[in-house]
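Nothing in this text is a laboratory measurement; each read-out follows from the coordinates by a stated rule. Keep in mind that what you see is a predicted model, and the values were worked out from it rather than measured. With ideal geometry, Cβ positions are generated from the backbone for all residues, glycine too; neighbour counts draw on all protein chains shown.
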Amino acid sequence: MKNKKINFDQSTIRILYYKYKEFIIPMFIILVCVTLFLKVTIPQIEDISHIKDEEKTIKDSINILKKDLIFLGTLNSENLDSELDIASTALPPGKDFIGIISSISKSAINSGVKLDDFRFSVGELSTASAKVNTQPSLQINLAIKGNINGVKDFVEELAKSFPLSEITSLKIGDSSTTLVTVFYYKPFPPIELNDRAPQRALNKKELDMINKILSWQNEEESTASPSSNF
Amino acid sequence: MSNEINLLPFKRKNLHRFKKALQIVRIISVFLLLLLMVSSLIIFYIKSQLSIDSLKKEEENVLSNVSRMRSKKAKLALISDRLHSIAGIIDRRPDYEYRLGVILEKTPSDVSITELNISNSAISFNAQSDSLYSIGILMDNLVSMVAEKSLFSKITLQYLSIGDSYNISITANLL
């Protein structure tokens, strides 16, 4: 069998060139077009898709920000200050000794019991729940004189007075009743504000809590008398 | 001798096929060229319509307006945080008033409570009465509360003494 050899010498190339020279320009155009399509047009189409996504994201962000702006615009600064005051009265940012003494005094007056003495144990986390929740509190041992109904009224008054307190033990004896109470406080936490985060209004539970605190405050003020019971 | 002599003679059939192929290639090249031009124009038009810069500018403006109201946002966050803590304290603190009320309610009028201790897990108290019947009613009331699983899980009578009057000491475990 005879071996078939292809010899690409100069004359062969020349022959092929003359034979197919009319194909060169169209083929070159096809090659350039395909290359441009792959390297330029398709990335541009993808780019448009990304831009559209980005546009949608920015539009959503603008909508949220506009809603926030309208919502924040409707908020009254004085109302906010008042609500913050109400919440801070119930749970002060620091050890509110005056508030605590006033609360104990008013509770004693309203319940008709006599306060013997009380002792502060500053800075102690006294209850298990307080420890779990790392809620700072101030422990106070109270001694009161009064009948059991008076003690019950005192406990009720104390529960509805501010700063918020919790009784951890109660001992009613022949001559006096001793109570171990903790008064809670909470320093203002550092607030990290994100302008882009959607701002929510106070929810129903929070508004109910404000109303509850207000009603307790009003109850306390309406029953309190100016005289002291120390 | 000329170098441009075609040494591969075409047959007529091959020539026809060659011309047809050339025509197809030319058509494809023109089509692709047109496609590239049209697609470039469309992309340019679409891109010119997507005004992302103006949107970004608008976003910045709104954001700066929102930033001016940061104090309101901060106050809202503080109020919310404080109310959350208040709700937590109120929800978890034991209701001593209710416990005392229940004991008083279940105690007949001629029975006096001489001593009472309430902790987070139990209530213990001493009661005194001239009537054993009234002491019995108090016991019955407390036992029925255990049966009803109301406030108490267990009642223990520590002692019952009879002297000038009847004295009992009871410990009740809270639910």
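Overview of values
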| read-out | value |
| --- | --- |
| Principal axis box of chain A, alpha-carbon based, largest edge first, Å | 131, 50, 24 |
| Rounded if a/c under 1.5, otherwise prolate or oblate - the stretch B:92-175, Cα gyration tensor axes | prolate |
| Which of B:Leu157, B:Ala21, B:Asn117, positive extreme of dipole for chain B (C-beta unit charges) | B:Ala21 |
| Reach of B:Lys20 by Cα under 27 Å, taken over lysines that are not fewer than 8 positions away in the same chain | A:Lys19, A:Lys21, B:Lys11 |
| Linear extension gain, A:Ser77 paired with A:Ile24, 0.36 nm per residue minus alpha-carbon span | 11.3 nm |
| The stretch A:139-218: GluC sites (Glu not before Pro) in DSSP loop, at most 11 other beta carbons within 10 Å | A:Glu192 |
| Angle in degrees between helix B:70-92 and the longest Cα principal axis of chain B, rounded to the nearest 10 | 40 |
| Cβ-Cβ FRET estimate between A:Lys67 and B:His84, R0 fixed at 30 Å, reported to 0.05 | 0.80 |
| Gaussian network model of chain A, springs between alpha carbon atoms under 10 Å - residue of A:Ser102, A:Ser215, A:Ser175 with greatest fluctuation | A:Ser175 |
| Distance in nm between pseudo-label sites at B:Leu160 and A:Asn149 (7 Å out along the Cβ direction from Cα) | 2.8 |
| Estimated dipole of the stretch B:1-145 in Debye, rounded to 20 [Cβ of Lys and Arg +1, of Asp and Glu -1, Cα centre] | 2880 |
| Options A:Asn218, A:Leu38, A:Thr12, ranked by Cα towards positive dipole end of chain A, top entry (Cβ charges) | A:Thr12 |
| Per-pair calculated FRET efficiency, R0 = 25 Å: A:Thr12 and B:Lys13 via Cβ, rounded to 0.05 | 0.60 |
| Exposure rule at most 13 other beta-carbon atoms within 10 Å, DSSP loop trypsin sites (Lys or Arg not before Pro): chain A longest free segment | A:6-195 |
| Whole-number percent relative contact order across chain A, with pairs defined as alpha carbons under 8 Å at least 6 apart | 22 |
| Nearest 10 degrees, 0 to 90: helix B:52-67 Cα axis against chain B principal axis | 20 |
| A:Ile101 versus A:Lys205: modelled label distance in nm, points set 7 Å from Cα along the beta carbon direction | 3.7 |
| Cα-centre dipole for chain A with unit charges at Cβ (Lys and Arg positive, Asp and Glu negative), debye to 20 | 2080 |
| Label zone at A:Ile51, where the point sits 7 Å out along the Cα-to-Cβ direction: the stretch B:37-73 residues whose backbone N lies under 14 Å | B:40-56 |
| Most positive-pole-ward Cα, B:Ser64, B:Gly88, B:Leu50, against dipole of chain B from beta carbon charges | B:Leu50 |
| Charge dipole (debye, nearest 20) of the protein assembly as shown; +1 at Cβ of Lys and Arg, -1 at Cβ of Asp and Glu | 5200 |
| In the stretch A:1-74, the chymotrypsin sites (Phe, Trp or Tyr not before Pro) that fall in loop regions by DSSP, at most 13 other Cβ within 10 Å | A:Phe8 |
| Environment charge at A:Leu91 (Cβ cut-off 10 Å; Lys +1, Arg +1, Asp -1, Glu -1) | 0 |
| Rel. contact order, % - alpha carbon contacts under 8 angstrom, at least six apart, chain B | 14 |
| Rough spin-label spacing in nm, given labels placed 7 Å along Cα→Cβ, for A:Asp117 and A:Asp195 | 5.9 |
| Folded to 0 to 90 degrees: helix A:148-159 orientation relative to chain A principal axis, Cα | 30 |
| Cα gyration tensor shape for the protein assembly as shown, rounded if a/c is under 1.5, else prolate or oblate | prolate |
